[in-house]
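Written below as structure tokens is the structure these notes are about.
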Amino acid sequence: MKLEGKVAIVTGTSPNIGGGIAGGLADEGAKVVCVDVVDDNATQCADWIKRRGGAALGITCDVTDEAQVEAMVARARDTYGGVDVLVNAAGILGGLSVLEMPLDRWNRQIAVNLTGTFLCTKHVARLMVEQKRRGSIIVIASTAAHQGQPGNIAYCTSKSGLLNFARAAAMDLVKHGIRVNSLTPTATDVTESHDRAVEWGRPRPERRARGLDFAKLVPTGQLPSPRHYAHAAVFLASDDAEMITGFDLRVDAGAIAKYWPWMPSS
Ligand SMILES: NC(=O)c1ccc[n+]([C@@H]2O[C@H](COP(=O)([O-])OP(=O)(O)OC[C@H]3O[C@@H](n4cnc5c(N)ncnc54)[C@H](O)[C@@H]3O)[C@@H](O)[C@H]2O)c1
């Protein structure tokens, strides 16, 4: 149990990546605060962790609203005594090209992906400093942070901003013994997320066809699942990573390392 006695906040706890990371941290002994703007994603994730024998609390919170974020962190502190780990996974995916993007949609995506991560990091880090906890903060990026994806202007912009947010916050917090790292997922196998939705009492989501066969385009020939991200998050959250800060850990099946013209499946 690598996180025994630790308290973790995870934002964006849908049955997909945030939920998978929340479950993975709980499996290693962390008490987990599941945070989402959608009430069911916060409460069903927490209930699922409790059914599996863990300790969890669901809190509904819009990460772009500073008062809500402060109240969420205060509730986590009042319930579990403090916070050791923050995983910023709340995000809005998908989008439009620079030609089509309406300003209000741009503003909302930047606010959730970038400002929400800033606000949660700010208030959790303040609590860690106050309590002298040598915490670990993880920012969920994307392979779209590293490359120019067409038709996804606000997502690519916000996610690449998060890479340097993590480095700069790491420098701000290093003197307090708080580490900040990013974790880069990529296109994700949906099987685990769909199974988790069913475990949470939801109907099995329909598999949507992707325009490209992503699994054939990554060097491993297989897309990662949320549990693979969870293993990496446990590592970054744990004392095993005590000398790692300002780093980006890519769990991307080799996608970013790939020589661009190489087609691994051919
Ligand atoms: N799915 C992928 O293939 C993929 C790939 C790379 C990176 N990521 C990143 O992983 C993270 C999780 O993605 P996912 O696929 O699980 O997406 P998802 O849409 O299933 O989950 C995102 C969650 O964030 C929540 N959220 C949105 N706005 C919020 C707000 N204002 N306050 C609080 N919560 C809010 C949503 O309600 C949702 O539960 C995101 O940051 C995403 O960018 C996903």
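Overview of values
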read-out	value
Check on residue 57, assigned to a strand (DSSP E or B) and closer than 23 Å to residue 232 by Cα	yes
Only one of 128, 101, 72 that is of a type outside the set (Gly, Ala, Ser) and within 24 Å of residue 239 (Cβ to Cβ)	128
Selection count, the range 180-199, where residues are in contact with a helix residue (DSSP H, G or I) (Cβ under 7 Å, 6 or more places away or on another chain) and within 23 Å of residue 258 (Cα to Cα)	8
Flag if residue 197 is within 16 Å of the ligand (Cβ to nearest atom) and within 27 Å of residue 48 (Cα to Cα)	yes
Residue in the range 95-103 that is in contact with a Phe, Trp or Tyr (Cβ under 9 Å, 6 or more places away or on another chain) and open to solvent by 70 Å² or more (accessible area, probe 1.4 Å) present	no
Hits in the range 157-171 (condition: more than 24 Å from residue 30 (Cβ to Cβ) and more than 11 Å from the ligand (Cβ to nearest atom))	157, 160, 161, 163, 164, 167, 168, 171
Residue within the range 128-143 that is among the hydroxyl-bearing types (Ser, Thr, Tyr), over 22 Å from residue 35 (Cβ atoms) and part of a helix (DSSP H, G or I) present	yes
Failed criterion for residue 86 (all others in (1) farther than 16 Å from residue 169 by Cα; (2) within 16 Å of the ligand (Cβ to nearest atom) hold)	(1)
Helices (runs of 4 or more DSSP H) fully within the range 150-236 counting 2 or more residues that are in contact with a Leu (Cβ under 9 Å, 6 or more places away or on another chain), open to solvent by 50 Å² or more (accessible area, probe 1.4 Å) and without any contact (Cβ under 8 Å) to a residue 60 or more places away in the chain	153-173
Residues within the range 63-81 that are surrounded by fewer than 19 Cβ atoms within 10 Å (Cβ to Cβ) and either at pLDDT below 95 or not β-branched (Val, Ile, Thr) (or both), tallied	11
Residue identified as out of contact with any Ser or Thr (no Cβ under 9 Å at 6 or more places or on another chain) and either small (Gly, Ala, Ser) or at pLDDT below 95 (or both) among 208, 202	208
From the options 91, 18, residue that is part of a helix (DSSP H, G or I), open to solvent by less than 50 Å² (accessible area, probe 1.4 Å) and either within 16 Å of the ligand (Cβ to nearest atom) or not β-branched (Val, Ile, Thr) (or both)	18
Residue 120 within 12 Å of the ligand (Cβ to nearest atom), in a helix (DSSP H, G or I), over 15 Å from the mean Cα position of the chain (by Cα) and of a type in the set (A, V, I, L, M, F, W, C)	no
Residue in the range 134-147 that is away from the ligand (no atom under 11 Å from the Cβ), open to solvent by 20 Å² or more (accessible area, probe 1.4 Å) and hydrophobic (A, V, I, L, M, F, W, C) present	no
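The values are calculated or read from the model by the stated rules, or taken from the named source; none is laboratory data. What you are looking at is a predicted structure, and each value in this text was computed from that prediction instead of being measured. All Cβ positions, even for glycine, are placed from backbone atoms using ideal geometry, and neighbour counts span all protein chains on display. Please note that ligands, DNA and RNA were not included when accessible areas were found on the heavy atoms of the full protein model with its side chains. Shrake-Rupley method; radii C 1.70, N 1.55, O 1.52, S 1.80 Å.
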